[in-house]
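Before any comments, here is the structure.
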Amino acid sequence: MSNDLRELRAAVLARTDRRRRLHVLGVAQEIDTLALRWGADRGQAARAALLHDVTKGLTPAEQLKLCAKYDIVTQSWERTEHKLMHAVTGAAVARFEFGAEEAVCAAVRWHTTGRAGMTLLEKLLYLADYVDATRVFSEARALRALCYEDLDAALLRGLDLSIQFLLAERRAIHPDTMAARNALLTR
Ligand SMILES: [Fe+2]
Ligand SMILES: [Fe+2]
């Protein structure tokens, strides 16, 4: 691991609570194996994984403060679904506080909802976040295997699982998630 990466890891972990630390390290481990499998840039993959939940522990009020600070225009979606906001603020913090490159910021931005036409790095982060070693539900194990066989099939399966979960909970489904799924089915 490079010195830059080691520093980034220490900086991110310092502002992450213990439970989430295990998840973040799990995602970093998973995305590294996925990057090797699919020929992605391992440095970018590591930075994306380390930064992806950097603002997740913040309160909604703290998230909104970051939005004001970085001129982020939030949709009503992000304001009501706290879970969605951390992807948007996380991308801004990755860029402005950690100097992460565009590709890494985009992966952080889209790791929760997905979007139509995802890049390889975006797909890898979305999936690594879903199947890292701290996710022990049975679907995660099957999905992890699929990630190494057929990346787009795994992505479609991940999106399906998310949508099924949201339907079961009677929660709103973000249009970007639907667009991500439709794009895979209508290529
Ligand atoms: Fe997240
Ligand atoms: Fe995560």
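Output the residues belonging to the stretch 1-15 that are within 16 Å of ligand 1 (Cβ to nearest atom) and either surrounded by fewer than 20 Cβ atoms within 10 Å (Cβ to Cβ) or without any contact (Cβ under 8 Å) to a residue 40 or more places away in the chain (or both). Selection gives LEU13, ARG15. Count of the stretch 60-73 residues, restricted to those that are out of contact with any Ser or Thr (no Cβ under 9 Å at 6 or more places or on another chain) and buried (at least 16 other Cβ atoms within 10 Å of the Cβ), is 0.
Looking at this structure, is VAL27 aliphatic (A, V, I, L, M) and away from ligand 1 (no atom under 14 Å from the Cβ)? Criteria not met by VAL27. Only residues that are open to solvent by less than 50 Å² (accessible area, probe 1.4 Å) and within 19 Å of THR177 (Cβ to Cβ) were counted in the stretch 100-115, giving 8. Say whether the condition of being touching a residue at least 60 places away in the same chain (Cβ under 8 Å), away from ligand 2 (no atom under 13 Å from the Cβ) and acidic (Asp, Glu) is met by at least one residue in the stretch 77-84. Checked against the condition, which is being touching a residue at least 60 places away in the same chain (Cβ under 8 Å), away from ligand 2 (no atom under 13 Å from the Cβ) and acidic (Asp, Glu), the stretch 77-84 yields at least one hit. GLY117 meets all of the listed conditions (1) within 20 Å of ILE31 (Cα to Cα); (2) within 14 Å of ligand 1 (Cβ to nearest atom); (3) over 15 Å from the mean Cα position of the chain (by Cα) but one, namely (2).
Scan the stretch 16-38 residue by residue and report those that are more than 16 Å from TYR126 (Cβ to Cβ), open to solvent by 80 Å² or more (accessible area, probe 1.4 Å) and among the charged types (D, E, K, R). Matches in the stretch 16-38: ARG18, ARG19, ARG21. Among all positions in the stretch 90-99, there is no residue which is open to solvent by less than 60 Å² (accessible area, probe 1.4 Å), part of a helix (DSSP H, G or I) and of a type in the set (Phe, Trp, Tyr).
Restricting attention to the stretch 20-48, and to residues there that are acidic (Asp, Glu) and touching a residue at least 60 places away in the same chain (Cβ under 8 Å), which single residue is farthest from ligand 2 (Cβ to nearest atom)? Applying the filter and picking the extreme gives ASP41. Close contacts from the stretch 143-161, counting a first residue that is acidic (Asp, Glu) and a second that is in a helix (DSSP H, G or I) and surrounded by 12 or more Cβ atoms within 10 Å (Cβ to Cβ), with Cβ to Cβ under 6 Å and a gap of 6+ residues or different chains, come to ASP152/LEU184. Among the helices (runs of 4 or more DSSP H) confined to the stretch 116-187, the ones with at least 3 residues that are among the charged types (D, E, K, R) and surrounded by 15 or more Cβ atoms within 10 Å (Cβ to Cβ) are located at 120-131. If you filter the stretch 39-59 down to residues that are open to solvent by 50 Å² or more (accessible area, probe 1.4 Å) and assigned to a loop (DSSP other than H, G, I, E, B), you find that the one that is farthest from THR74 (Cα to Cα) is GLY39. Residues considered: THR74, THR134, THR55. Of these, the only one that is free of Cβ contacts under 8 Å to residues at least 24 places away in the same chain and more than 10 Å from the chain's Cα centre (by Cα) is THR74.
The values are calculated or read from the model by the stated rules, or taken from the named source; none is laboratory data. Since the model is a prediction, treat every value here as computed from it, not as a measurement. Note that each Cβ is placed from the backbone with ideal geometry, even for glycine, and that neighbours are counted across all protein chains shown. Side chains are part of the model used for accessible areas, which takes the heavy atoms of the whole protein and leaves out ligands, DNA and RNA. Shrake-Rupley method; radii C 1.70, N 1.55, O 1.52, S 1.80 Å.
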